[in-house]
Amino acid sequence: MNAISIKNLTKTYSNGTRALKGVDLQVSAGDFCALLGANGAGKTTIIGILTGLVNKTSGHVEVFGHDIDREHQSAKRVIGVVPQEMNFSIFEKVEDIVVNQAGYFGIDRKTASAEAEKNLRRLRLWDQRQQMAKNLSGGMKRRLMIARALVNKPRLLILDESTAGVDVEIRHSMWEFLGELNSGGTAILLTTHYLEEVERLCRRAAIIKDGLIIANDRVKNLVKMVARETYIVHVDAIRSLEKIRGYHPVMIDENTFEVELSKEERLNEFIAYLSQLGMVVTDFRPKGNRIEKLFLHILNSQTGIGAGL
Ligand code: ADP
C-alpha cells in the first residue's frame, strides 16, 4: 500500500492562482521521499491538501488507502506534520504542547504522556519538559515540533523545511533521528533546500515546478546529473600552481581559488594532493546550491538545452 497516492491533483486559489496543475505522486509505505521545488512551485499547497488545511480543486488523494474526502478523520490520524512556521504557544510548557496535541486525535492523556516522554527523550528535550517554549533555542523549538507531530504515532511524517535555519550540528542530529524513525517503518515526506539533506536521507525525490511534477526518481539517479561540483578552496599560500593546472583552478586571490571536481575526482583526494604539494588547506566549501543546479539541469534537459551541467 502507498503512504501517499495523489492523482491528477489541481488547486486554484480564490485569487485565480493555479498552484497545482495535475500533480501525480505516489510515495510507498516506509519510503523516505523529498519534495523539491523553488519557492512558489506548489510544495506547501500539496502538504496543505494532504493535511486537510487546504481544499483541493480536483483530483484524488489517499493516505494509506484513506481517501482524504471520504475518510478525512482516518487520513488525518495517520499523518504527523511539522510545518514551516512554529505554531505553538510560546507560553505553554514543552510537555504540555506535546500532550495537548494528542487531544485532537482523541488520544487519552495517559497514552499521550507516555508517547510524549518517549519522543521528548529521543529528541533530547526531556530535561526541558517543564520549561515554557519561549525559553528554548531555535533548534530545540524545531525538535519540539517533531515531538509534537509524533504524538499520534503517525505512519507518515511530513516535514516542511524543518531544518531551515538550524545549525549544522543540530541538523545532523535531526537527520539521525529521522533516519531511525524511517528505519522503524515511518514513511517520511520532506521539503528542503539542501541537497545534502536529500542525499543523506531520502531514497526518492520528486521535483515540482509551476504546479507540475517534472521529475520523480531515486535520489541516486538525480544526483548523478549534478556529479560535478565547484568548490572554493582556501590555502595558506598557493604553491606549485603548475601542478594543479590540470584541474583548471580559477584564482580568486592569493590564498583562494575555485576548482571544479567530479565525484570520481573526490574532494578528499584533491585536498591530500594539495598537502603533498605543501599547501595547507584552511577552508573549503561548495560554491553554489546544488539543488538549484539540479533544477536547472532537469529543466534544461527537458527543453533540450544546456545538458551536461
Ligand atoms: P511552495 O511551498 O513550493 O513555495 P506554495 O504551495 O506555497 O509553493 O505556492 C504555490 C503557488 O500558490 C504560489 O504561486 C503561491 O503564491 C500561491 N499561493 C499559495 N498560497 C496561496 C493562497 N492562500 N492564496 C493565493 N495564492 C496562494
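The values are calculated or read from the model by the stated rules, or taken from the named source; none is laboratory data. Computed from a prediction, not measured in an experiment: that's the story for all the values here. A quick note on method: Cβ atoms are made from the backbone with ideal geometry, for glycine too, and the neighbour counts reach across all protein chains shown. Surface accessibility is based on the protein's heavy atoms, side chains included, excluding ligands, DNA and RNA. Shrake-Rupley method; radii C 1.70, N 1.55, O 1.52, S 1.80 Å.
General remarks:
- Restricted to helices (runs of 4 or more DSSP H) entirely inside the range 167-232, those with at least 3 residues that are over 28 Å from ARG18 (Cβ atoms) and under 14 Å from the mean Cα position of the chain (by Cα) are 168-183, 195-201.
- Boolean, ASN135 is more than 16 Å from the ligand (Cβ to nearest atom), of a type in the set (S, T, N, Q) and closer than 23 Å to GLU196 by Cα: no
- Test: residue in the range 175-185 that is within 16 Å of the ligand (Cβ to nearest atom) and in the same structural domain as VAL63 (by TED's automatic domain parsing): no
- Checked against the criterion of being modelled with pLDDT under 95, over 22 Å from ARG122 (Cβ atoms), open to solvent by less than 50 Å² (accessible area, probe 1.4 Å) and not aliphatic (A, V, I, L, M), the range 186-200 contains one or more residues that satisfy it.
- Note on the range 228-238: residues that are surrounded by 14 or more Cβ atoms within 10 Å (Cβ to Cβ) and closer than 15 Å to LEU274 by Cα total 6.
- Within the range 153-164, considering residues that are more than 16 Å from the ligand (Cβ to nearest atom) and open to solvent by 20 Å² or more (accessible area, probe 1.4 Å), the one nearest to PHE32 (Cα to Cα): ARG155
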